[in-house]
Every structure is written in C-alpha cells, then in structure tokens.
1. Please state which of the following conditions residue 295 fails to meet, knowing it meets all the rest: (1) outside any helix (DSSP H, G or I); (2) in contact (Cβ under 8 Å) with a residue 40 or more places away in the chain; (3) touching a Ser or Thr at 6+ places or on another chain (Cβ under 8 Å); (4) not hydroxyl-bearing (Ser, Thr, Tyr).
2. Being under 15 Å from the mean Cα position of the chain (by Cα), closer than 25 Å to residue 178 by Cβ, part of a helix (DSSP H, G or I) and aliphatic (A, V, I, L, M) is the requirement here; does residue 242 meet it?
3. Need the failing condition index for residue 278 against (1) surrounded by fewer than 22 Cβ atoms within 10 Å (Cβ to Cβ); (2) farther than 18 Å from residue 359 by Cα; (3) among the small types (Gly, Ala, Ser); (4) in the same structural domain as residue 453 (by TED's automatic domain parsing), just the number.
4. Pairs only if they're at least six apart or on different chains, beta carbon under 7 angstrom, first in region 190-219 and free of Cβ contacts under 8 Å to residues at least 12 places away in the same chain, second acidic (Asp, Glu) and surrounded by fewer than 20 Cβ atoms within 10 Å (Cβ to Cβ); list them, first residue then second.
5. Within region 356-380, how many residues turn out to be in contact (Cβ under 8 Å) with a residue 12 or more places away in the chain and farther than 22 Å from residue 452 by Cβ?
6. Name the strands (runs of 3 or more DSSP E) wholly inside region 64-166 in which the number of residues that are buried (at least 21 other Cβ atoms within 10 Å of the Cβ) is 1 or more.
7. Quick one: count up the residues across region 461-478 that are surrounded by fewer than 23 Cβ atoms within 10 Å (Cβ to Cβ) and within 17 Å of the chain's Cα centre (by Cα).
8. Give the residues of region 237-271 that are free of Cβ contacts under 8 Å to residues at least 60 places away in the same chain and either under 20 Å from residue 471 (Cα atoms) or surrounded by 22 or more Cβ atoms within 10 Å (Cβ to Cβ) (or both), sorted by residue number.
Amino acid sequence: MTVAGVVLALASCTGGQGGPVGAGADAPRADHPSARTTSTAAPRTGQDPAALPGFLDKGWRISHKGPAHAIEGWADRTSVLPGQPVGLHVSTVATSWTARAYRMGWYGGVGALLVWQSDPVAGVRQPEPLVDPSTHTVQTSWPVSLPLPTADWPPGAYLIRLDSAAGQRYVPLTVRTADTSGRVVLVNDVTTWQAYNDWGGFNLYHGLQGEADFEGRSRAVSFDRPYSGDGSGDFVVQDLAAIAHAERLGLPLAYETDVDLHNVPDLLTGARAVVSLSHDEYWSTAMRDAVTQARDAGVNVAFLGANAVFRHIRFGATPTGPDRLEINYKRLSDPLYHHDNQEVTVDWREPPVPRPESTLTGVFYECNPVKADMVVTDPGNWLFAGTLATAGLRLPGLVGPEYDRVNPGAPTPGTIEVLTHAPVRCRGVGSYSDSAYYTVPSGAGVFAAGSNWFTRGLPEAGAGGVVANVVGGELTNLLQAFAAGPAGLDHPTTPNLAGLHEFAGDPIALAYLGHR
C-alpha cells in the first residue's frame, strides 16, 4: 500500500473509542517513519489493498516488555466477524495504557498494518486469578476494560498491542472471513497455544513445580486469561511467516481459528483448502470431523507442522461464554470414561475409541525432542518443481523439535508419497522424519510437513539461500495448486513407501516415546 493510498482510504473511515489510525491530532503523519514502505501490499482477501484503512507500521514489535505482570490482557473472543462485539480485559500497574490493533501479514515484507488505536485508558491492577482445585484451571474474572470497534477491520490475524509506561504485551485476535467459498482457509491453532500457556502457573503439561510436575497439571485450561511471555501465544514464532507467505502470493484467503472449526458447522463449505499453520496438536471431535468431511468433499488440506490431531479435547463454558474452556485429561481419569467414551480426552490414537491421527494427516507423530536436517527423497514431485531440490539434498535444522513419520504400522493412506525422509535419533532410538502428500477419491490433496520447524525454512521467517528456495518454492507450489481446486485431479500421487519404511512395529512406534 502506498502512503497516498493510505491517506485516501483514511478520509472516509470512522472509529469507535479512540479511532481509526489517521483520525485526530495524535495520528501518525503520512511522512512518519511508521507509515513508510518500499513496496505495495499484495491482495489478501479479495479486496484492493489500497482500500484498506491503516498505516503500514514497522514498529509493531514489543520494545519494552517490562517486568512480569506490568501489563497483560485477554480478549473475550478468540475470533470475531467484523463488527461483532469483543472486549479487552486488561490488568496493569501503570496509571494509564493504550491499545493499538495491528493486522499482521505481508506488506512488502513481514509486517503490520496499524488499523486502530485507542485513547488513553485508566490503568487498573485486576484481582489475582482463582485456581479450581479439582482441575487446576486458572481463571480470571476481570471486567471489560475496553471494547474494540472491529467494524472497519479487514479479516486477518491481529495482534492488539497494549502500551504503557510500565511495559508492553500483545493480545491475539482473529477477524474472521464470513464466507470461505473459493478461498484458502488459514487456521490459527489457538487450542494448542492455550494448552501450552502456563500463565498463572498451570497448563495442560505441568503444575506449579514446573515441567516435572505432570500430576499437578491442569485438566482444563481457560481462555479467560492472558498468554504468558509476550502475550501472543505461538502466533509470532510459529504462524506469522506462513500467513505472510500466503498473502505475498495474492491468493484468495480466509482467516479462522480452530475454535471456529469447532463451532461453525458449515465453515469449510465451498472452500478450496484448509491450512493448519503450525504445531496444531489439540483437536475436538467437531474440528476433526469438519476437516475430514471437507477433505472427502474435495477440499485440500495442509498441515505445516508436526504432531497435528494428536490430543483429543472437548470444550466447556466459562462465565464469559461458550467454548472458552479447553478440557484435556490425557488419561482415563476423565470423568466421561464409561459414560461417553467418544469424548474421553485421551490421545486420539488411544482407547477407548482409538482414531489414529494418520487417517487424516497421513503421518504418525513419533517423538521429541530432535534437531536434524530435512532430507529430500522425491525431488521429481510437483511440489519441488522450479526449486533447487535434488535427491539427498539436506535442508539444515528443519526437523524438530517434534516430528512425524509415515508409519506402515499405523493406518496409512495407500496413495501416500513420501517427499522428505530424514534420519533422526530421539531418546536413544534411531528412526526417520517424513513429510508426505496423499490424495483421496474426492480429488483432494493432503500435505503434511512432518516437522514443527518446517516454516523456519521460509524466506518470510528469515531463511535464505537453497533452504528458502526449496521450502518457499514448495509452499508456493502447494498453496497455488490448492487454491485452484482439488489438487489430486492434476497432481495424483506416486506411492513410494516401499523401500523407505519396510518395517512396521519399530521400537519408537511401539514404545510411543512422545508426549505423556
């Protein structure tokens, strides 16, 4: 977007509390450094980007985090359609604070569009959270500090930055696309962000004693609390590069979260593809059924991380609203055992109703942690067309810390084609990490990267040279083909599992050395 285009777009914009960027004496000038850009933005949502309100802002990153709990907050919706109500719940030691809403993606580089900023808000130190002694659920009851006026915000992945003299934090929010027809649907995996979120001392992995305290873990985690760290969940480190790459291609995109996959039954109707952006571990029955049914109706599916569809969750309500509580016992101690076995929150592959993830992803989660090179084994596959991929090419450091493998001992699609096949050693046992592609009778294609570090190879993540050429070219080929319709019709698979994994029941698969 050019600066002139920004100014013209702002001329007709209106805002709520605070206002759209460009309104009022405190708005950045057109010659302000935060408004400068050397490249126009690519179309992202079927709109002319010059018509989107806001300023390109290179200063979106946190520069002054401040001490723990200096300022922090949460949004009472994980996603909204433009104009739907959403409130910020903020606690701070500062006397006042402001909020700035950034739409994150590709703007001549990985960056941000500042679409709105608030007036100063009086700071309040909110009460300490409560911990449910039966489930170790950390819950806050903070009131709404500031409503967000989203009516003029274009769909996309947002970071709301909270700024105060005491420090800064993010609050993530997705502004949804109302109609996904004909679009590539990008899904922020907020259930996995929340599972690992240990704000308040507990998450689905540990209690107050740290990582060794598995028995003290939460059995349910609430979205009614901030994310720990910088407040962004895993968005900046895991999802942003893939979103920017997709936007850079100018494809018709839609933006959703996995909570939307759960509670919007027709979300994927007419979509061209659905893309899991990174480490996407925690899935409800409705989420899994929605993606499986979409695949079987011709919608392409991509998993850009590893360990996807591994944990079986269900949702509950909090005082804030429905689907704000994520439940995962990880054991048959789940009170639904023997009452509703279909919804018992063990791992998907485990009894009482095992549904291994490989029936959807094609690959089978195996182990962590590892750090290894990704190795190309099928350079003639269409996904590597136009890249520098050759047989045996090593892509340094792209396998880890969790990885998947095409395992013949698990339910494996008969059409699967292994693309990369990398030797790894995890917890003393040797095995392989695989990325793969398979097709189904509907024509849909399914891709699995097989590593949580796959997107580190994108140029938008800072990679360069051969790695960026191969991974960036591969993802470009994938997204462009997936955006065109059922990829299997033009790109059928050539199964090549024989000779790569001739044995079933290997030590890692049998011992299940991954998560507890």
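The values are calculated or read from the model by the stated rules, or taken from the named source; none is laboratory data. Keep in mind it's a predicted model, so treat the numbers as computed, not measured. Every residue, glycine among them, receives a Cβ derived from its backbone with ideal geometry; neighbour counts consider all protein chains shown.
1. (1)
2. In short, yes.
3. Failing condition for residue 278: (1).
4. Once the first residue is free of Cβ contacts under 8 Å to residues at least 12 places away in the same chain and sits in region 190-219, its partners that are acidic (Asp, Glu) and surrounded by fewer than 20 Cβ atoms within 10 Å (Cβ to Cβ) give 206/213.
5. 1
6. 71-75, 87-92, 96-106, 110-117, 137-139, 156-164
7. Result for region 461-478: 1.
8. Pass one, region 237-271, residues free of Cβ contacts under 8 Å to residues at least 60 places away in the same chain: 237, 264-266.
Scanning region 237-271 gives a single hit, 237.
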